[in-house]
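Q: Sharing a structure below in structure tokens format, with a few things to ask.
The values are calculated or read from the model by the stated rules, or taken from the named source; none is laboratory data. All of these numbers come straight from a predicted model, not from anything done at the bench. We place every Cβ from the backbone using ideal geometry, glycine too, and count neighbours over all the protein chains shown.
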Amino acid sequence: MIIDSGSFANVASTTLVTKLWLPTTSHPKPYILQWLNDGNQLKVTHQVLLSFSIGKHYNDEVLCDVIPMDACHLLLGRPWQFDRSAIHDGRKNTYTIKRDEKKGCINIS
């Protein structure tokens with residue numbers, strides 16, 4: 001899993017979706033995604049509702065676009081960070097997250 005403030009989307013890998021037999025839905029607004037490093041383009045056509053946990057105490061669910069990617073299986077971008085009011089503390093390597101009017105801290109080690 002990667003938390004990336006530079007990503008405009010929450011993304012799940014096709015490998016994750018396939019291996020876990022997760023049901024997908026058609027993307028309501030398919031779009032073309034272009035990777036800056038190699039110039040390749042892919043059409044994003046599907047989404048998946050993904051449940052995940054970080055540690056023992058944080059569980060969440062996020063709607064992700066599904067694409068083939070090798071860097072990780074789950075990329076949480078700005079939409080997730082905005083929805084959770086996530087604040088990153090780079091020195092402590094933690095995120096403070098607000099969900100359902102409750103605040104918590106996640107250690108990312």
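Q: Identify all residues within the stretch 79-96 that are in a loop (DSSP other than H, G, I, E, B) and surrounded by 13 or more Cβ atoms within 10 Å (Cβ to Cβ); write none if there are none.
A: Of the stretch 79-96, the ones in a loop (DSSP other than H, G, I, E, B) are 84-86, 90-93.
Residues satisfying the conditions are 84, 86.
Q: Give the stretch 6-49 a look and list any residue that's assigned to a loop (DSSP other than H, G, I, E, B) and in contact with a Gly (Cβ under 9 Å, 6 or more places away or on another chain), or say none. I'd like the intermediate steps shown before the answer.
A: Going through the stretch 6-49, the residues assigned to a loop (DSSP other than H, G, I, E, B) turn out to be 6-10, 20-23, 35-40.
Within the stretch 6-49, 6, 7, 8, 9, 10 meet the criteria.
Q: Restricting attention to the stretch 19-29, report how many residues are surrounded by 12 or more Cβ atoms within 10 Å (Cβ to Cβ) and either over 17 Å from the mean Cα position of the chain (by Cα) or within 15 Å of residue 70 (Cα to Cα) (or both).
A: Residues that pass the stated criteria total 0.
Q: Being surrounded by fewer than 17 Cβ atoms within 10 Å (Cβ to Cβ), modelled with pLDDT under 90 and not hydroxyl-bearing (Ser, Thr, Tyr): is that true of residue 43 here?
A: no
Q: Right, here's the next one. Test residue 14 against the stated conditions and say whether it is surrounded by 10 or more Cβ atoms within 10 Å (Cβ to Cβ), in contact (Cβ under 8 Å) with a residue 24 or more places away in the chain and in contact with a Pro (Cβ under 8 Å, 6 or more places away or on another chain). Write out each step before concluding.
A: Working: surrounded by 10 or more Cβ atoms within 10 Å (Cβ to Cβ): yes; in contact (Cβ under 8 Å) with a residue 24 or more places away in the chain: yes; in contact with a Pro (Cβ under 8 Å, 6 or more places away or on another chain): yes.
Answer is yes for this residue.
Q: Would you check if residue 52 is closer than 25 Å to residue 86 by Cβ, outside any strand (DSSP E or B), at pLDDT 90 or above and within 13 Å of the chain's Cα centre (by Cα)? Give the derivation first.
A: Working: closer than 25 Å to residue 86 by Cβ: yes; outside any strand (DSSP E or B): no; at pLDDT 90 or above: yes; within 13 Å of the chain's Cα centre (by Cα): yes.
For residue 52, the condition - closer than 25 Å to residue 86 by Cβ, outside any strand (DSSP E or B), at pLDDT 90 or above and within 13 Å of the chain's Cα centre (by Cα) - is not met.
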